[in-house]
Amino acid sequence: MLTGFKNFILKGNVVDLAVAVVIGAAFGAVVTALVQSVLMPFIAGLVGAPNFDRFAVVTLNGNDMKFGVLLTAIVNFLLIAAAIYFVVVVPMNHMIERRNRRLGINPNVKEEAAGDPQIALLTEIRDALKK
């Protein structure tokens, strides 16, 4: 039983997953710092409040319904999504595009005979018949 557990732990997938979780947590701290220390103070400078927690508070039978807290969470989510998109996704897409251009790879063109030898043979027959 311990041998099976040892084999499971030493598999590459488990180690890769552990590394991804640690890197993800560290990257999450960077994105959170960017949003809380740069973007939210910028918005607070424009709007005049660091968050929307006190916005649209409705009291019903002595209980406060804080719609502003929801609005703050939505704004934080959108800022985090925008930060990830513009800091990670866009540069990564540009790097992949440059690499593909350098290697002469056009992802928009399908290669018919990439994996199936029967398709390659049929393509050769078609081309021979055209001649």
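The values are calculated or read from the model by the stated rules, or taken from the named source; none is laboratory data. Just so we're clear, the structure is a prediction, and the values are computed from it rather than from any experiment. Counting neighbours? That spans all protein chains shown, and the Cβs are built from the backbone with ideal geometry, glycine included. Ligands, DNA and RNA are excluded from the accessible area calculation, which covers all protein heavy atoms including side chains. Shrake-Rupley method; radii C 1.70, N 1.55, O 1.52, S 1.80 Å.
Might you check whether a residue that is modelled with pLDDT under 85, within 27 Å of Pro41 (Cβ to Cβ) and of a type outside the set (Phe, Trp, Tyr) occurs anywhere in the stretch 109-118? Please lay out each step first, then the result.
Just the residues of the stretch 109-118 that are modelled with pLDDT under 85, to begin with: 109-118.
Now restrict to residues that are within 27 Å of Pro41 (Cβ to Cβ): none.
No: zero hits.
Condition test on Met1, is it exposed (fewer than 11 other Cβ atoms within 10 Å of the Cβ), free of Cβ contacts under 8 Å to residues at least 24 places away in the same chain and within 23 Å of the chain's Cα centre (by Cα)?
Working: exposed (fewer than 11 other Cβ atoms within 10 Å of the Cβ): yes; free of Cβ contacts under 8 Å to residues at least 24 places away in the same chain: yes; within 23 Å of the chain's Cα centre (by Cα): no.
Considered against the rule, which asks whether it is exposed (fewer than 11 other Cβ atoms within 10 Å of the Cβ), free of Cβ contacts under 8 Å to residues at least 24 places away in the same chain and within 23 Å of the chain's Cα centre (by Cα), Met1 comes out as no.
Which of (1) farther than 16 Å from Val31 by Cα; (2) of a type outside the set (A, V, I, L, M); (3) surrounded by 12 or more Cβ atoms within 10 Å (Cβ to Cβ); (4) touching a residue at least 12 places away in the same chain (Cβ under 8 Å) does Asn76 not meet, given it meets every other one?
Here Asn76 clears every test but (1).
Can we say Phe52 is touching a residue at least 12 places away in the same chain (Cβ under 8 Å) and open to solvent by 90 Å² or more (accessible area, probe 1.4 Å)? Can you show your working first?
On the way: touching a residue at least 12 places away in the same chain (Cβ under 8 Å): yes; open to solvent by 90 Å² or more (accessible area, probe 1.4 Å): no.
It is false that Phe52 is touching a residue at least 12 places away in the same chain (Cβ under 8 Å) and open to solvent by 90 Å² or more (accessible area, probe 1.4 Å).
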